[in-house]
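What follows is a single structure, written as structure tokens, with notes after it.
The values are calculated or read from the model by the stated rules, or taken from the named source; none is laboratory data. None of the values given here were measured: they were computed from a predicted structure. When we count neighbours, we look across all protein chains shown, and the Cβ atoms used for this are built from the backbone with ideal geometry, even at glycine. To get the accessible areas, we keep the full protein, side chains included, count just its heavy atoms, and leave off ligands, DNA and RNA. Shrake-Rupley method; radii C 1.70, N 1.55, O 1.52, S 1.80 Å.
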Amino acid sequence: MPIRYIPYDKVPVKGQAILNNITRSQRVLSYKDNDKVYERIQRGIPYYELNELESVGEASDNLVIRGECLSTCAYLKEQNIKVDLVYIDPPFASGADYAKKVYIRKNPKLADKIKKAEEKMEMEELVAFEEKMYGDIWSKEDYLNWMYENLMAIKEVMSDTASIYVHLDWHIGHYVKILMDEVFGEENFVNEIIWAYRSGGASKKKSIARKHDSVYFYTNNNESFEINTIKERQYLEKHFIGTQEDENGKIYVDTILTDTLSGVINRVMDNGNIKEYSCRPVLNVSKERVDYSTQKPEGLLELLLEIASNENMIVADFFGGSGVTAKVANDLNRRFIHCDIGINSIQTVRDRLVESKADFKILELQDGLNLFRNPIQTMDKLATLIDGLNRKLSEGINSFWFGTLTNSKYGTMPVYVPDLRDSTKKVLDIVAINEVVNKEIHNFDTCNGEIKKVIVYYIDVVDIDKIKKFIKENNETLIDIELKDLKQVLDFVVVDDKVEFTLNEDGLFYEVKINSFYSDRLKQKIDEYNAKQALKTKGSHITISEDGLELIEYVSLDCTNESGIWQSDSEIKIDKNGFISVNGTKTKEFWNGKISSNTKPKRLKIRNIAGDETIHQIN
Ligand SMILES: C[S@@+](CC[C@H](N)C(=O)[O-])C[C@H]1O[C@@H](n2cnc3c(N)ncnc32)[C@H](O)[C@@H]1O
């Protein structure tokens, strides 16, 4: 449950963009007629408890926050932290699920042999399986409701002179532009920046290829807002008016940067030098690639940040993903706030920032979405945890219900589970229960009284007594409504990974040797993978060695704190090819199954290849 709701101070701009003449939509932007959004806006931004998980480098106010955008904004507001620039690249309404590829690492014992024989790693030995990261699962209305609430919350934490970029594409961009007119004011619109690319992009039989994204650029206050003007150098084949030649005889012209960004942008710096920004899709820029779907190129972010921020300003990305914004902000001497709901994002940005030698803190908001690696995986897991749940919905039971349970007393019982992928649906409030009481259970009238009871799971509830009273006063059917706390089911989700290790001391040198590693979560995943592969003619099979060391992605020693905030005094990250980074410095070495430190380690942290972390005390 949120500790409290922090009221919104800002109001949307009145008289803007009412799109309810579109018959398709019950609301789209006329939010004031929409109970759901309006109620939540009235209630405020949910503020949750927070844990500081790790401190990296020197004390710093740079933040990496695991939590959702809304609760992060509540936290910032509560702390009175204002940001100067926001870049967000929220999940598009594309109906896609993005997956993280999970690679089995090289077993250290084999790696040693390989090193001796100076053999090269073979890619097929990597064996990757996929994990769901997050999904774009929205209907337009739901998406816009959700986006509206997020934009309103973001606006709350923007300084008076701040600006915001919202990165979207053809799926929903035009609607969000209108939403932004409403939230930030049409007069505060600066540009629609087109990021054009040659590769990728959908091409369909009935359309020409789609090769650009749109970045909507707004300021909080157009009157006091100024951008950093950027001059672009364009090289040309022939001379035209205003062209010149550089020292190599190449013809060029310096012009003001246009709002179409593509390829490589050559910027003329104040000192006359040329700086290059690669705005190509990151797939072409392999040294940047961190294997995060939807990762955007650093060059694009560099330009956007240089246009709208100055050194020491705070740049925030509330849908941070691979951490490109935080990384670039740090490189450009800005301060940063990175927020994301997925553990894979937090780990990816953490490791990326450690390589950049950045200083930051990692915080975790207890907003209920971090029950598993991410909400999608939590939903999948739930389906297996509710005992006896049948996901196949029988006739007359629509997709509002998550599945059904059956017992001899009540027969079939439809089960409602809030969709954790949509944060706005998480709280059981009067609006949500109203949908059950006054709409959904009435559909069962057609089931000839077969449905006697429905079960409503909740994760957060505004006021359980009020909800019960509402049910009592409003349920006009004979169907019983049982409320159940989802957290009790989720308590069983996490079984910690197990490790056996030995600590060797040699004067001032301490070495932890990992003898074996076992992860129940990964074992289940690998069993699932193998079962699927067994059905294919040429399916591969993953066999894990007895010591299981190839399931480890990262090890770290804390020699400072026995409990609480993690301080990584020594760390090794094993990349998908088996090469290690030691304390953020990449090497061409394979891991030998050990980690050392100069002071006595107090705790050992291990991250498995799917991102689950466990901390073990060293006595
Ligand atoms: C399109 S990706 C961002 C990619 C990023 N710009 C990059 O270059 O790597 C969107 C991200 O939003 C995160 N996300 C989805 N819903 C969220 C929410 N409610 N709050 C915070 N993050 C969320 C997802 O986990 C995902 O990492």
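Couplings 3J(HN,Hα) for the stretch 143-148, derived from phi with the Karplus relation 6.51 cos²θ - 1.76 cosθ + 1.60 (θ = phi - 60°), are 4, 5, 4, 5, 5, 4 Hz, where x marks Gly and Pro.
For the stretch 375-490, the normalised intensity computed at q = 0.22 Å⁻¹ comes to -1.40 (log10 of I(q)/I(0), Debye sum over alpha carbons, equal scatterers, no solvent).
Here Lys468 is the anchor, and the lysines within straight C-alpha reach of less than 24 Å, apart from those fewer than 8 places off in the same chain, are Lys36, Lys409, Lys425, Lys426, Lys439, Lys452, Lys453, Lys484, Lys487.
The spacing between the stretch 316-333 and the stretch 383-419, judged by their C-alpha centroids, is 42 Å.
In percent, rounded to a whole number, the relative contact order of the stretch 299-454 is 14, using alpha-carbon pairs under 8 Å and six or more apart. The accessible area of Glu186, taken with all protein chains in place and a 1.4 Å probe, comes to roughly 110 Å². Please list, by residue number, everything in the stretch 496-511 whose backbone N is under 16 Å from a paramagnetic label point 7 Å out along Cα→Cβ of Gln524. Under cut-off, by backbone N: 496-498. Take the alpha carbon atoms of the stretch 540-619, find their center, do the same for the stretch 255-269, and report the distance between the two centers in whole angstrom. Value for the Cα centre distance between the two parts: 42 Å. The spread of Cα positions in the chain, taken along each principal axis and listed from longest to shortest, comes to 85, 67, 52 Å. Of Lys573, Lys109, the residue with the largest accessible area leads and the full order is Lys109, Lys573 (1.4 Å probe). Element breakdown for the chain at a 1.4 angstrom probe: carbon and sulfur atoms account for 47% of the accessible area.
Using a 1.4 Å probe and counting only protein heavy atoms, arrange Phe240, Phe336, Phe470, Phe189 so the residue with the most accessible area comes first.
Sorted by accessible area, descending: Phe240, Phe189, Phe470, Phe336.
Find the relative contact order for the chain and round it to a whole percent, using C-alpha pairs within less than 8 Å whose residues are 6+ positions apart. Computed value for the chain: 16 percent relative contact order. Solvent-accessible area of Met413, all protein chains in place: 10 Å² (probe radius 1.4 Å, heavy atoms, ligands and nucleic acids excluded).
Sorting Ser322, Ser408, Ser262 on solvent-accessible area from highest to lowest, probe radius 1.4 Å, gives Ser408, Ser262, Ser322. Full extension of the segment from Glu500 to Lys10, taken as 0.36 nm per residue of separation minus the current Cα-Cα distance, would add 171.0 nm.
Modelled this way, with points 7 Å down the Cα-to-C-beta line, the labels at Lys109 and Asn598 are 3.4 nm from one another. You can think of it this way: the chain between Asn80 and Glu355 has 96.0 nm of extra reach, that is 0.36 nm per residue less the Cα-Cα gap. For the stretch 219-311, a simple Cβ point-charge model (Lys and Arg +1, Asp and Glu -1, everything else neutral) yields a dipole of about 380 debye relative to the Cα centre. Taking amide H positions as modeled 1.01 Å from N, with prolines and chain starts lacking one, the residues under 5 Å from Met313 and 5 or more places away or on another chain are Arg335.
Amide H contacts of Tyr292: none lie under 5 Å away among residues 5 or more positions distant or on a separate chain (H built 1.01 Å from N in the peptide plane; Pro and chain starts excluded). Taking a straight Cα-Cα cut-off under 14 Å and skipping sequence neighbours fewer than 8 places away in the same chain, the aspartates and glutamates within cross-link reach of Lys602 are Glu505, Glu511, Asp558, Glu562, Asp569, Glu571. Between Gly320 and Cys339, Asp340, the built amide H atoms are under 5 Å apart, and every one of these is 5 or more places off in sequence or on another chain.
For Glu589 and Ile542, compute 0.36 nm times the residue count separating them, minus their Cα-Cα distance, and round to one decimal in nm.
Net length gain for the segment: 14.5 nm.
With the helix formula -39500 (n - 2.57) applied to DSSP H stretches of n ≥ 4, the chain reaches a computed 222 nm mean residue ellipticity of -7000 deg cm²/dmol.
The phi-based Karplus calculation (6.51 cos²θ - 1.76 cosθ + 1.60; θ = phi - 60°) puts the 3J(HN,Hα) values of the stretch 541-551 at 10, 9, 10, 9, 5, 4, 7, x, 5, 6, 9 Hz, whole numbers, x for Gly and Pro.
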